[in-house]
1. Among the charged types (D, E, K, R), in contact with a strand residue (DSSP E or B) (Cβ under 8 Å, 6 or more places away or on another chain) and surrounded by 14 or more Cβ atoms within 10 Å (Cβ to Cβ): does that describe residue 98?
2. Restricting to the range 31-77, and then to whatever is among the aliphatic types (A, V, I, L, M) and farther than 15 Å from residue 99 by Cβ, can you tell me which residue is surrounded by the fewest Cβ atoms within 10 Å (Cβ to Cβ)?
3. Which of the residues spanning the range 15-30 are touching a residue at least 24 places away in the same chain (Cβ under 8 Å) and surrounded by 18 or more Cβ atoms within 10 Å (Cβ to Cβ)?
4. Where residues in the range 49-103 are of a type in the set (Ser, Thr, Tyr) and under 12 Å from the mean Cα position of the chain (by Cα), which of them is nearest to residue 9 (Cα to Cα)?
Amino acid sequence: MTEMGEFNGYWRITWMEAWETEYIDMEEPGYFLIGDDHGHFVFGTVRGDLDARKPSGNRLEFSWAGQCEFDEMNGRGWLELEQNGVAEGRIFIHFGDESDIRLEKA
């Protein structure tokens, strides 16, 4: 198990390149919840469980498996800690969309 340190906790999705806020918060406010080696996220109709790794410094890499409505999907992504409780990165849907993402620690 890898300690996630500053990544642990609830992160609100504040911006995504590919989707508007209206979609991100469609069913509930979009978020990531990160633990020491796992977590989950929700945005729009997409939900996923994270398998997280912190290879070095301020970067977190993850793979994920979940669903969008009734379709199973999976992907990968990464986040980097910025200043003032902000993380930025990119999320990928396997054989699908991808988006830059910004999170703020709540």
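Since every read-out is calculated from the coordinates, none of them should be taken as a lab result. As the structure is a prediction and not an experimental result, all values here were calculated from the model. Counting neighbours? That spans all protein chains shown, and the Cβs are built from the backbone with ideal geometry, glycine included.
1. So residue 98 passes the test.
2. Checking each candidate, the answer is 65.
3. 16, 19
4. Start the filter on the range 49-103 by keeping residues that are of a type in the set (Ser, Thr, Tyr), which leaves 56, 63, 99.
If we keep only those that are under 12 Å from the mean Cα position of the chain (by Cα) too, we end up with 63, 99.
Values: 63: 18, 99: 22 Å.
Applying the filter and picking the extreme gives 63.
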